[in-house]
Amino acid sequence: MTQAVNNRTISGKDAAENIVERVKARTAELAGAGIKPGLAVIIVGSDPASQVYVSAKGKKAEECGFFSFKQQLPPEVAEDRLLALIEALNRDPAIHGILVQLPLPSHIDAGKVVQSIAPEKDVDGFHFINVGKLGTGETRTAFVPCTPAGSMILIERIHGKGLSGLSAVVVGRSNIVGKPMANLLLAANATVTIAHSRTSNLDAVCRQADIIVAAVGRPRMIRGDWIKQGATVIDVGINRVLLEGGEPGKTRLVGDLDFGEAAARARAITPVPGGVGPMTIAMLMANTLRAACLAHDASAPF
Ligand SMILES: NC(=O)C1=CN([C@@H]2O[C@H](COP(=O)(O)OP(=O)(O)OC[C@H]3O[C@@H](n4cnc5c(N)ncnc54)[C@H](OP(=O)(O)O)[C@@H]3O)[C@@H](O)[C@H]2O)C=CC1
Ligand SMILES: Nc1nc(=O)c2c([nH]1)NC[C@@H]1CN(c3ccc(C(=O)N[C@@H](CCC(=O)O)C(=O)O)cc3)C=[N+]21
């Protein structure tokens, strides 16, 4: 990797470890008061990527000292069965955070499932109540979706708190990344543009950004020369591509940018893997800890 890449890479791994250490420390203190945060993760079907993420979440929860509950359901599970399981978890005092891994099979109404999670246990931050709180700046009690929350921490590592006078472009407008990301950037006083598949002259839009968050899911979609010299780049994209010149069929993960091209112009950039991904897991731990603290009227470090 070129020198520029080495000293401008924003390590999500390091930042995530820092968050997890603080979660562990607070969890240990809570244990003294007989409080044990509980995280329930439900996965339907056996999508390989989802399996990777769900096992990473369960392992990290145990590492933090949480009660970690995982429910693997068959792909043909009835929607009512899933809703009944969530209802039981909503009522279970040992569970403080509930996450239903997306995507869900098409016979299940994902919106209905996500909205059936009690807002105070919605550690994904997808419930209308939490989306509304984030949208209206009520961030004290809102659960913020993990990927945008983690991306914001990486941005703060470069720019500190407060982005007044900076222009930010979020490419992608999903409910789990793009839109909440834009809300967080706005709350930090950046001037925010949300780009998507209908945006004209996307390259020109990107070139005016001091901060770019790419959340599209298309490998190397954002070219290096779209990056303003000295911009901060957060690459949320996760794309599995064939390894060039590798063994046939061998794949690797890349983001939405060509890392080398972008890193040559960026002031700082997150790698894929090792950037936003670990932060997503760490912020899920932080949200679960906060849910447990809120449930027991205890102070939370985040
Ligand atoms: N690292 C992590 O922790 C996480 C990573 N991800 C990754 O982030 C990526 C985005 O996922 P997600 O947020 O669910 O997004 P979605 O797949 O739901 O949506 C993709 C977004 O990109 C936009 N888009 C598609 N093509 C273009 C284009 N040519 N130009 C501009 N915008 C375009 C779409 O626009 P439109 O709205 O008009 O269709 C849409 O808003 C994926 O690779 C996903 O794997 C997701 C979650 C967590
Ligand atoms: N209800 C719900 N909440 C989510 O937060 C959610 C979801 N569903 N569905 C899928 C996306 C995707 N997502 C990731 C989590 C961790 C990594 C991660 O740890 N990535 C590692 C690499 C992991 C690997 O080796 O594949 C990295 O980027 O370094 C990536 C992506 C959470 N998501």
message = Take the conditions more than 22 Å from the chain's Cα centre (by Cα), under 24 Å from residue 274 (Cα atoms) and among the small types (Gly, Ala, Ser) and apply them to residue 217. Does it pass?
response = no
query = Within the range 157-166, can one find any residue that is within 17 Å of residue 231 (Cβ to Cβ), near ligand 1 (Cβ under 10 Å from one of its atoms) and surrounded by 22 or more Cβ atoms within 10 Å (Cβ to Cβ)?
reply = no
request  = State yes or no: is residue 182 under 27 Å from residue 114 (Cβ atoms), more than 10 Å from ligand 1 (Cβ to nearest atom) and crowded, with 18+ Cβ neighbours inside 10 Å?
outcome  = yes
ask   = In the range 141-151, is there at least one residue being over 22 Å from residue 267 (Cβ atoms) and more than 15 Å from ligand 2 (Cβ to nearest atom)?
value = yes
key: Unique residue being farther than 24 Å from residue 81 by Cα, within 16 Å of ligand 1 (Cβ to nearest atom) and of a type in the set (Val, Ile, Thr) when the list is 171, 114, 100   = 171
ask   = Name the pairs: first residue in the range 203-217 and outside the structural domain of residue 176 (by TED's automatic domain parsing) and under 17 Å from residue 180 (Cα atoms), second residue surrounded by 24 or more Cβ atoms within 10 Å (Cβ to Cβ) and at pLDDT 95 or above, Cβ to Cβ under 9 Å, at least 6 apart or on different chains?
value = none
inquiry  = Can you name every one of the strands (runs of 3 or more DSSP E) wholly within the range 182-272 that holds 1 or more residues which are at pLDDT 95 or above, small (Gly, Ala, Ser) and in contact with a helix residue (DSSP H, G or I) (Cβ under 8 Å, 6 or more places away or on another chain)?
reply    = 191-195
query = Here is a list of conditions, (1) touching a His at 6+ places or on another chain (Cβ under 9 Å); (2) within 14 Å of ligand 2 (Cβ to nearest atom), and residue 289 meets all of them except one; can you say which number that is?
reply = (2)
task = Considering only the range 273-302, state which residues are more than 15 Å from ligand 1 (Cβ to nearest atom) and not in a loop (DSSP other than H, G, I, E, B).
result = 288, 289, 290, 291, 292, 293, 294, 295
query = Taking the range 169-190, which residues are touching a strand residue (DSSP E or B) at 6+ places or on another chain (Cβ under 9 Å) and either within 18 Å of residue 216 (Cβ to Cβ) or among the basic types (Lys, Arg) (or both)?
reply = 169, 170, 171, 172, 173, 177, 178, 179, 181, 182, 185
task = Enumerate the helices (runs of 4 or more DSSP H) found wholly within the range 1-95, keeping only those where 3 or more residues are among the acidic types (Asp, Glu) and more than 30 Å from residue 230 (Cα to Cα).
result = 79-91
request  = Could you tell me whether any residue of the range 130-145 is touching a Lys or Arg at 6+ places or on another chain (Cβ under 8 Å), more than 26 Å from residue 289 (Cβ to Cβ) and either free of Cβ contacts under 8 Å to residues at least 12 places away in the same chain or surrounded by 23 or more Cβ atoms within 10 Å (Cβ to Cβ) (or both)?
outcome  = no
ask   = Somewhere in the range 230-239, is a residue of a type in the set (D, E, K, R) and surrounded by fewer than 20 Cβ atoms within 10 Å (Cβ to Cβ)?
value = no
query = Can you tell me which residues in the range 54-73 are of a type in the set (Ser, Thr, Tyr) and crowded, with 18+ Cβ neighbours inside 10 Å?
reply = 68
query = Do we have any residue at all in the range 235-258 that's closer than 22 Å to residue 19 by Cβ and without any contact (Cβ under 8 Å) to a residue 24 or more places away in the chain?
reply = yes
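The values are calculated or read from the model by the stated rules, or taken from the named source; none is laboratory data. All values reported here derive from a predicted model rather than from experimental measurement. Positions of Cβ are backbone-derived with ideal geometry, glycine not excepted, and every protein chain shown enters the neighbour counts.
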